[in-house]
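Accompanying notes for the structure given below.
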Amino acid sequence: MEAVPPLYRVAGTAGPQGDEDRLGVPDGPGAPLDELVGAYPNYNEEEEERRYYRRKRLGVLKNVLAASAGGMLTYGVYLGLLQMQLILHYDETYREVKYGNMGLPDIDSKMLMGINVTPIAALLYTPVLIRFFGTKWMMFLAVGIYALFVSTNYWERYYTLVPSAVALGMAIVPLWASMGNYITSFFHLSFACAQLPMIYFLNHYLYDLNHTLYNVQSCGTDSQGILMGFNKTVLRTLPRSGNLIVVESVLMAVAFLAMLLVLGLCGAAYRPTEEIDLRSVGWGNIFQLPFKHVRDFRLRHLVPFFIYSGFEVLFACTGLGLGYGVCSVGLERLAYLLVAYSLGASASSVLGLLGLWLPRQVPLVAGAGVHLLLTLGLFFWAPAPRVLQHIWILYVAAVLWGVGSALNKTGLSTLLGILYEDKERQDFIFTIYHWWQAVAIFVVYLGSSLPMKAKLAVLLLTLVAATASYLWMEQKLRRGVVPRQPRIPRPQHKVRGYRYLEEENSDESDVEGVHGGGSGGGLGDCVEEEAPPTGPRPGPEPAGLCRRPCPYEQALGGDGPEE
């Protein structure tokens with residue numbers, strides 16, 4: 001009796017075309033599973049790798065531009081508003097007509113104290129905030145606090161200005177430490193943006209230099225304090241309240257634009273899995289690690305440069321801008337001097353990239369050399385008040401000081417990125433850098449009444465000490481002295497998620513990966529530490545590599561790699 005063929009094909013049997021189907025793939029138990037679950041046949045590994053790194057480069061460029069634009073707009077709004085506010089509050093007529101006996105000078109002094117004193121405590125909370133929120137959200141919150149400070153100027157009272165100034169002072173170091181993860185390019189344009197309210201609004205209400213400088217006797221290196229003898233009335237006419245509200249509304253809109261730039265375009269400096277690891281080392285360790293990093297001799301040698309970085313940026317605004325500029329050529333030309341400084345610094349920020357081709361000492365040493373020559377020249381120069389013949393010297397000095405500032409800032413940020421390539425350390429390093437910078441700004445605030453010669457002497461000594469200390473550090477590194485870095489604790493995860501099923505253990509440090517990890521070594525170290533079970537101890541588990549079998553192994557019915 002002839003066998004009746006089955007209605008459906010039996011799995012594993014040969015079809016009418018023999019042992020191969022229409023696609024030419026053998027059928028049956030011997031069919032290669034790689035053809036079904038393997039890579040796409042037209043997959044080009046080199047092309048995909050090029051596309052991946054192209055996307056990474058574009059992402060880095062987007063982050064740099066977004067962080068630079070956000071920082072530029074934020075500080076442009078903050079500096080412009082603060083400058084306009086201090087000039088208006090300085091005028092006696094404006095204070096008496098607008099606010100009567102409210103005590104604006106006392107409010108302004110407490111506001112400046114809140115901005116300059118509060119960052120001293122930032123070393124205690126900055127790493128915790130950055131690890132908790134992440135770099136992107138920390139930047140967003142800090143920019144929001146700057147916008148809050150702008151909004152309080154709609155209603156200028158003690159209970160609005162002083163608390164917002166204290167909150168702004170608390171956000172300064174976290175903002176800069178977060179931005180340190182993004183190398184900013186054209187941030188110095190913020191000084192030029194800050195002068196737009198002066199140029200297009202406030203300058204139309206100012207007296208000329210013959211009125212404001214009438215009682216000024218000495219300028220430059222012969223001056224003492226800030227603008228001794230400057231006239232108490234600087235406004236010819238008082239600006240209307242409606243015009244002030246319009247200017248403040250424009251500044252508020254720009255502050256919101258900066259927040260949207262950071263939120264929408266600026267990507268996180270760390271991947272989500274990396275941020276999980278960064279937070280999982282323990283909050284107590286996060287609090288202690290900035291102090292432990294001071295053991296590194298590289299950081300100790302760079303501390304004088306951190307301090308000088310705070311000194312020189314304040315000297316550009318108060319020393320060069322006020323003591324030499326306003327004191328001799330009038331308040332109406334202050335905005336143009338700061339614009340010259342800003343453009344010189346922004347154009348020279350590109351020179352900081354020369355560290356990619358030249359020895360890394362070149363940007364820092366070149367910037368220090370430019371500032372050294374300028375400081376020596378300013379030490380012996382006392383411009384005459386109400387004389388405009390030497391105004392070109394002030395513009396040249398402002399541009400060159402901006403060149404030195406740009407080389408200093410970009411050189412330090414690039415150097416720290418080169419010395420500390422490990423991303424899990426960078427927030428601690430940039431926190432230390434900007435904390436010392438905030439300490440230097442606080443010292444300048446305390447010594448604002450010193451003679452100009454004393455300020456220049458301190459600036460010159462700090463610059464020489466910073467350069468010598470930095471070159472000594474480079475000499476140690478050339479001799480092969482190994483820096484002492486604190487060990488970053490291993491992340492302790494409480495849950496097991498999809499990311500821990502990979503063959504590569506992302507929680508393992510480089511040293512652990514090379515030496516087998518831990519004191520016990522062996523394969524058991526790759527298992528996460530978990531609480532011991534409360535029930536009866538299960539039987540012995542089979543030895544083997546600490547990973548789940550891949551889909552190919554599961555399809556073959558195996559349990560992973562053989563022992």
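The values are calculated or read from the model by the stated rules, or taken from the named source; none is laboratory data. All figures in this text were calculated on a predicted structure; none of them were measured in a lab. Please note: Cβ atoms are built from the backbone with ideal geometry, for glycine as well, and neighbour counts cover all protein chains shown. Just the protein is used for accessible areas: all its heavy atoms, side chains included, with ligands, DNA and RNA removed. Shrake-Rupley method; radii C 1.70, N 1.55, O 1.52, S 1.80 Å.
For the condition open to solvent by less than 20 Å² (accessible area, probe 1.4 Å) and either of a type in the set (Ser, Thr, Tyr) or at pLDDT below 90 (or both), what is the one hit in 178, 185?
Of 178, 185, the one residue that is open to solvent by less than 20 Å² (accessible area, probe 1.4 Å) and either of a type in the set (Ser, Thr, Tyr) or at pLDDT below 90 (or both) is 178.
Please state which of the following conditions residue 274 fails to meet, knowing it meets all the rest: (1) assigned to a helix (DSSP H, G or I); (2) open to solvent by 30 Å² or more (accessible area, probe 1.4 Å); (3) at pLDDT 90 or above; (4) not hydroxyl-bearing (Ser, Thr, Tyr).
The single condition residue 274 does not satisfy is (3).
Whether any residue in region 159-167 is assigned to a helix (DSSP H, G or I), open to solvent by 40 Å² or more (accessible area, probe 1.4 Å), within 30 Å of residue 234 (Cα to Cα) and hydroxyl-bearing (Ser, Thr, Tyr) is what I want to check.
Yes: one or more hits.
Which of the following residues is open to solvent by 40 Å² or more (accessible area, probe 1.4 Å), in contact (Cβ under 8 Å) with a residue 60 or more places away in the chain and within 17 Å of residue 325 (Cβ to Cβ): 378, 343, 394, 400?
343
Those residues that are surrounded by 20 or more Cβ atoms within 10 Å (Cβ to Cβ), at pLDDT 85 or above, within 20 Å of the chain's Cα centre (by Cα) and hydroxyl-bearing (Ser, Thr, Tyr), I need them from region 86-141; list them, please.
Residues satisfying the conditions are 118, 126.
Please tell me if residue 458 is more than 26 Å from the chain's Cα centre (by Cα) and either under 25 Å from residue 410 (Cβ atoms) or among the charged types (D, E, K, R) (or both).
When the stated conditions are applied, residue 458 passes them.
Can you tell me which of 392, 401, 381 is of a type outside the set (Val, Ile, Thr), part of a helix (DSSP H, G or I) and closer than 22 Å to residue 224 by Cβ?
401 is the lone residue from the list that is of a type outside the set (Val, Ile, Thr), part of a helix (DSSP H, G or I) and closer than 22 Å to residue 224 by Cβ.
Pull up region 213-252, narrow it to residues that are closer than 14 Å to residue 84 by Cβ and outside any helix (DSSP H, G or I), then point me to the one that is most open to solvent (accessible area, probe 1.4 Å).
Residue satisfying both the conditions and the ranking: 238.
Take residue 217 and decide whether it is modelled with pLDDT of 85 or more, in contact with a strand residue (DSSP E or B) (Cβ under 6 Å, 6 or more places away or on another chain) and either among the hydrophobic types (A, V, I, L, M, F, W, C) or more than 30 Å from residue 69 (Cα to Cα) (or both).
Judged against the criteria, residue 217 is not a match.
Which one is farthest from the chain's Cα centre (by Cα) among residues in region 412-432 that are more than 17 Å from residue 131 (Cβ to Cβ) and open to solvent by less than 10 Å² (accessible area, probe 1.4 Å)?
Among them, the one singled out is 415.
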